[in-house]
Amino acid sequence: MSTPTAPVKKTNRLGLDVLPYRGGKTTLCAGCGHNAVTERLIEACWELGVEPWRVAKISGIGCSSKTPAYFLGQSHGFNSVHGRAPAVATGALLGNHQLRCVLISGDGDTASIGLGQYMHTLRRNPAMLYLIENNGVYGLTKGQFSATSDLGAKSKSGAVNAFTPIDCCLAAIEYGATFVARSFSGDKKQLAALLRAALSHDGLAVVDVISPCVAFNDHEGSTKSYSYMKDHEEPLHEIDFIPFFNDIEVELEDGGIREVTLHDGSRIILHKLEQDYDPSSRLNAVTRLHQASDSDEVLTGLLYLDQTRPSFTKTLNLVDRPLAGLPESMTRPDAAALERINEEFR
Amino acid sequence: MHATPVVNDFSIHVATVNGSGSQTANTVLMRSIFQMGVPVSGKNLFPSNIAGLPTWFTIRASRKGYIGRKKEIDLLVAMNPETGKDDVMDLAPGAAVVYDEPLALAGLRDDLVYYSVPFDKLVAGVCPEPKLRKLVRNMIYDGVVAHLLAIDIEEVRKALFKQFGERKRKAAEMNWQAVLAGQKYAVENLTKADALKVERMDATHGRLIIDGNTAAALGCVFAGVTVLTWYPITPSSSLAEAMIDFLGRLRMDPESGKATYAVVQAEDELAAAGMVMGAAWAGARAMTCTSGPGISLMSEFLGLGYFAEIPGVFIDVQRVGPSTGLPTRTMQGDTLSNAFVSHGDTKYPVYFPSSPEECFSMATEAFNLAEKFQTPVFINLDLDLGMNNWMSELFAYPQAPVDRGKVLSAEDLERLGGFSRYLDVDGDGVPYRTLPGTPHDKAGYFTRGTGHDEHARYSEKSEDWIANMDRLSRKFESLRGAVPAPDVSFNARARVGVVSIGTSRYAMEEACDQLRDELGLDTSWLRLKAYPFTASLDEFIRAHDRVYVIDQNRDAQLLALMKLDLDVALLTNLRSVRYYGGLPLDARTVFDEIARQEGIR
C-alpha cells in the first residue's frame with residue numbers, strides 16, 4: 001500500500017500560497033465575465049507578491065461592486081455608495097498613500113451615476129487600479145441599458161439603444177489617467193498581463209474590461225456578448241509582463257517588440273502585431289480608438305501610458321509616513337504657535 | 001448739545017455699495033472702539049453679489065457687554081444713493097445721520113440729527129489718483145465719526161495700520177490721510193447735536209476680534225486634522241480658506257518640508273463627503289465644511305458613515321433655505337435635519353457653538369468624539385457666527401490629548417488572535433476597528449452599509465439587523481455622557497425659563513435682563529451646547545412653569561428636537577419663540593414675544 005503524498009503548494013515571493021488571495025464564494029451568475037476577472041486579479045496579486053494587508057478594495061454598487069468580497073479575503077474592503085467609490089478610494093489614499101488601492105466598478109457605476117467622480121479622479125491621477133467590469137447593462141435591476149451600451153445595440157427584451165456610448169478609455173486618455181487599457185474577460189493571457197502591469201503602475205491605471213452579462217446581455221444583437229467579442233476584438237499587441245523581482249532575459253525577435261520599464265523596475269513587453277503601436281502617444285491612442293469604433297472593432301491592449309505625471313499624493317507633497325499614523329507631535333502645533341495666532345487677532 | 005450723553009451704548013449702521021472697499025473702513029472703526037476698552041460687535045449684512053448691490057455694516061458698542069444685534073439704529077452713515085432714502089425713513093426719531101452731501105437727505109424728516117459731508121471734495125484733496133479715490137473715500141467717514149463720537153484718533157490710526165499690515169504701508173498712509181481729512185472737516189464744519197459718545201473703559205483687555213469661521217478653522221488645525229475636503233459654498237468657504245492658510249503656516253514638517261495634511265477642493269459635496277469617509281476609514285482625522293445645500297448632497301454618505309461607523313467632522317455654517325435660498329443671510333435652519341440626516345434610523349451628535357472660543361474648543365473636541373464613537377459628528381455654526389466679527393477670549397491650548405479611539409494595532413491582533421468589527425466588547429456600544437494597511441493577516445474586514453453581523457459578515461437576517469441597530473442605540477446613549485453639558489443661569493425665584501442654542505444666546509441673555517429691568521419678570525436661562533441632550537435639560541424644565549425655546553427658524557426645530565427627546569410629561573411646559581427673517585436675532589424680538597405670551601403686554 002502506498003501513502004499518498006500531499007501536493008507541494010506553490011508559493012509566491014512572500015512565501016504565500018494562493019489561499020490568502022482568494023475571498024468568499026461568488027454569488028454572481030455562473031459564466032458571468034466578472035468571475036473570470038476576479039480570477040485574473042487573484043492570480044495577478046499572488047504572482048506579484050502583493051501583501052494582502054496592504055490592499056484596500058473599494059467599490060460602488062452593482063454586480064461588479066460585489067466582487068471585492070470574492071478576492072483577497074484578508075484585505076480591508078469597502079462596498080460604498082453607488083457611483084462614489086472614486087471619492088472613497090481617493091480619501092483612503094489621502095489617509096494612507098502607502099495602500100495599494102484596487103477600485104472595482106461597473107459601467108453603470110462609472111459611466112452613469114459616477115461619471116462626475118470618474119472624470120475628476122482622472123484629473124487627479126491617484127495611484128490605484130481602477131477596474132471597470134463593463135457589460136453594457138444593469139444586471140441587478142434586470143437588464144436596462146447602461147451608458148456604455150453601443151448605439152443600435154439590442155437589449156434582451158428587443159429594445160434598441162438610441163444613444164451614443166460613453167467610452168471610458170477615451171475619457172481616461174483625454175482627462176488625465178496615466179495607464180489606460182482595454183481587455184476582454186475571455187482573453188485570459190492579455191487580461192492577466194494588463195492587470196499585473198496596472199497594479200505596478202505609479203498613478204491612475206484604468207482597465208476597462210468587456211465582461212459579458214450572461215443573464216441580460218449575451219444575446220444576438222448585443223455588442224457586449226461573448227460571441228460579439230470573439231468576432232470583434234482587435235488586440236493592439238501581444239503583451240507580456242515581467243515583474244521587477246524576476247530578472248528573466250526575454251528572447252527578442254528583431255524589431256518585433258516594444259519594451260517599457262515601470263517605476264519599480266517591472267517591464268512591459270509589447271509584441272508587435274500588424275502595425276507598431278506606441279502607447280506613449282495620446283493623439284495616436286485617441287485616433288486608433290475612433291478608427292476602431294468606426295469599423296465596429298473593439299480595440300484591446302495597453303492603449304496609453306504616461307510615466308511623467310506625478311500621482312495625486314505626490315502632487316499634494318505629503319510627508320512620507322501615512323497621514324493616518326502621524327503622532328500628535330506632528331499634527332498638533334505647540335502652545336507657542338497658538339500664542340502667536342492669539343496675538344495676531346488682539 | 002444733548003442734555004444727557006449716551007455713553008458706550010449705541011449702534012452705528014453704515015450703508016454702502018458692495019465692492020466699494022467699505023469693509024476696511026468699518027473694521028477700522030469697530031477696532032478703534034474696541035481698543036478703547038468698549039465691548040463691540042460687527043455685523044455685515046451683504047447681498048449675494050460681487051459688486052454693485054447695497055450692503056450694510058452694523059457696529060454695536062455696549063458698556064454692558066451685549067454683543068447681539070441691536071434692533072434700533074442710533075447713528076446712520078448713508079453712503080449709498082440707492083438706499084439713502086429708505087435707510088433714513090427707517091430710523092427711530094432722534095437718531096443721527098452722517099450722509100454724503102449730494103444725497104441731500106436732510107429734507108426727508110425733521111426729527112433726526114443730520115451731518116452733511118462732501119466726500120468727493122474731501123477725497124480729491126487726499127488722493128490725486130482718480131482711480132484710487134473709490135477705495136479711499138469710505139475711510140473719510142471714520143474720521144468724521146471719530147470726531148463726532150469722541151473716539152481717540154490715535155486708536156483709529158493704530159487700528160488702520162494693523163488692518164493694512166506692514167506690507168501695505170503706502171496704502172495705509174493714504175487711507176490715514178483720508179481719516180484725517182474727515183476729522184478736520186468735522187472739527188471745522190460740524191456741530192455736535194446728538195448724544196452719542198465713546199468713553200474709555202477696561203472691558204476688552206486681552207480679548208480678540210475674530211470671526212467664527214476663522215476660529216473653527218484654527219480649532220481643527222489644533223485638533224490635529226489631517227484631511228480637509230471641501231467644495232466652495234457661502235458662508236463656509238472662508239472656513240476652508242482660513243484652514244488652508246493656517247495649515248500652510250503651522251503644519252509643514254520642518255525636517256522634510258512636506259505637508260502633514262491634505263486639502264482637496266472636491267468636484268462637489270458628494271465627493272467631499274466620500275473622501276472624508278475614505279480618509280477616516282483609512283485612519284485620517286478627516287473633515288469637511290459646507291452649508292445646508294451641501295449637507296443635502298452629503299446625506300447618503302452621512303448615513304453610510306452612521307451604519308459603517310466611520311468618524312468624520314462635518315461643519316455646517318447654516319444659511320437660509322435650499323438651493324440658493326438667501327445665501328448671505330443667517331438661520332438655524334438645519335437644527336433638526338442634521339440630527340437625523342439620511343435614511344433608515346440615523347442620528348448624530350451635534351455641537352452648537354455660540355462664540356469664536358467655542359468654535360475653537362468644540363472643533364478640537366469634535367474630532368476626539370468622532371473617533372471615540374466612530375460616527376460622523378456635526379458642528380452647527382450659522383452665518384452670523386461664522387462670518388461676522390466677534391469679541392473673543394484668547395484661545396486656550398487644548399488640554400485633552402488627541403484620542404484616536406478603539407483602534408487595534410498588529411500587536412493587539414497578535415495578542416487577541418483576531419477581532420470582530422462590530423462586537424460590543426465593552427458594553428458601551430462602541431466596537432473596535434482596524435485600519436487598512438495594518439500588517440497582520442487578521443486585520444482585514446469588509447465594510448458595507450448593508451446588513452452585517454457582529455463579525456462584519458454579510459447578513460440579511462432580521463435578528464442580526466436588530467442586534468446591530470440596538471447596539472447603535474446604546475452607542476448613542478453612551479454619547480450622551482460625552483458631549484458638553486449646557487451652560488445654565490439659574491434663578492431660584494424664576495417661574496419662567498428660556499432655552500437656546502448657538503448665537504441665540506446673545507439675544508436671550510439680553511432679553512432676560514430686559515424682562516427683569518423693564519417688566520420685573522425673573523427668568524432663568526439654559527444654553528444647550530450639544531445634541532444629544534443631557535439630564536440637566538430635564539431638570540431645568542421641571543424647575544420652571546413655562547420654558548421658552550428660542551429658534552432662528554420658522555418651524556421651531558430646536559423645540560421639535562427637544563420634544564423627540566424629552567419625557568412627555570414635560571412637553572406641556574414648553575413654548576416657542578421663533579425668528580426667521582435672515583438677520584441675526586436681536587433681544588427686543590425675544591423680549592416682545594415672551595412678554596406677549598406671558599400676557600404682560
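We did not get these values from a lab; they are worked out from the coordinates using the rules stated. Since this is a predicted model, take the numbers as computed values, not measurements. Cβ placement follows ideal geometry from the backbone for every residue including glycine, while neighbour counts extend to all protein chains displayed.
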### Shape metrics for region B:105-259, restricted to C-alpha atoms - Rg then Dmax, Å
21.4, 70
### Message
Run the paramagnetic zone check for B:GLU477: 7 angstrom along Cα to Cβ, then residues of region B:416-434 with backbone nitrogen under 12 Å.
### Response
B:427-429
### Task
Express as a percent, rounded to the nearest 5, the fraction of DSSP beta bridges in chain A (both residues included) that run antiparallel.
40
### Summary
Using the Cα gyration tensor of region B:550-597, the equivalent ellipsoid's semi-axes, largest first and to the nearest Å, work out to 22, 13, 6
### Message
Cross-link candidates for A:LYS9: which aspartates and glutamates have Cα within less than 15 Å, leaving aside residues fewer than 8 places away along the same chain?
### Response
A:ASP17, A:GLU43, A:GLU47
### Message
For A:GLU234, what residues show an amide H to amide H distance below 5 Å, using hydrogens built from the backbone and excluding near sequence neighbours?
### Response
A:VAL298, A:LEU299, A:THR300
### Summary
Rounded to two decimals, the Rg over Rh value of the protein assembly as shown from Cα coordinates and the Kirkwood Rh reads 1.05
### Under 19 Å from B:LYS563, Cα to Cα: aspartates and glutamates that are on another chain or at least 8 residues apart
B:ASP334, B:ASP345, B:GLU477, B:ASP538, B:GLU539, B:ASP545, B:ASP551, B:ASP555
### Summary
Amide H proximity to A:ILE239 below 5 Å, modelled H, separation 5+ or other chain, gives A:HIS271
### Query
If R0 is 51 Å, what FRET efficiency do you get for A:ALA335 and A:ILE248 from their C-beta distance, rounded to 0.05?
0.30
## Note on the structure
Length-normalised contact order of region A:261-308, Cα under 8 Å, at least 6 apart, in percent, tallies to 39
### Task
May I ask you to derive the relative contact order of chain B, considering only C-alpha pairs under 8 Å and at least 6 residues apart, and to give it as an integer percent?
12
### region A:218-294: chymotrypsin sites (Phe, Trp or Tyr not before Pro) in DSSP coil with no more than 16 other Cβ atoms inside 10 Å
A:PHE244, A:PHE245
### Query
Where does region B:463-504 land on Rg/Rh, using Cα atoms and the Kirkwood Rh?
1.26
### Task
Treat the count of other C-beta atoms within 10 Å as a stand-in for reagent exposure and order B:MET252, B:MET243 from fewest to most.
B:MET252, B:MET243
#### Entry: Among beta bridges that DSSP assigns inside the protein assembly as shown, antiparallel share in %, nearest 5
35
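Taking a ≥ b ≥ c as the square roots of the Cα gyration tensor eigenvalues, with a/c under 1.5 meaning rounded and otherwise prolate when a/b beats b/c, else oblate, which class fits region A:1-155?
oblate
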### Summary
Percent antiparallel among DSSP beta bridges confined to chain B, rounded to 5, stands at 35
### Debye intensity ratio in log₁₀ form over the Cα atoms of chain B, taken at each q of 0.05, 0.07, 0.11 Å⁻¹
-0.25, -0.48, -1.06
### Query
Rg to Rh ratio, region A:100-173, alpha-carbon atoms and Kirkwood radius?
1.01
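Per the helix-only calculation at 222 nm, which mean residue ellipticity applies to chain B, given -39500 (n - 2.57) for every DSSP H run of n ≥ 4 and division by its residues, nearest 500 deg cm²/dmol?
For chain B, the value works out to -12000 deg cm²/dmol.
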### Message
Defining a contact as two alpha carbons under 8 Å apart and six or more residues distant in sequence, what relative contact order in percent does region B:409-541 show?
### Response
21
### Query
Pairs A:LYS10/B:LYS442; A:LYS57/A:LYS224; A:LYS25/B:LYS372; B:LYS64/B:LYS475; B:LYS168/B:LYS192: which are spaced more than 32 Å apart, C-alpha to C-alpha?
A:LYS25/B:LYS372; B:LYS64/B:LYS475; B:LYS168/B:LYS192
### Task
Considering the convex hull of the alpha carbon atoms of region B:445-548, report its projected area averaged over all viewing directions, in nm², one decimal.
9.1
### Query
Using the Kirkwood formula over every pair of different C-alpha atoms, what hydrodynamic radius in Å results for region A:99-242?
15.5
### Query
How many nm is it between the label spots at A:ASP264 and B:ARG133, if each spot is 7 Å from the Cα in line with the beta carbon?
6.9
#### Entry: Computed FRET value (nearest 0.05) for A:LYS188 with B:ASP268, which takes r as the C-beta separation and R₀ as 45 Å
0.70
### Nearest-0.05 FRET efficiency for B:ARG200 and B:MET89, computed from C-beta distance (R0 35 Å)
0.50
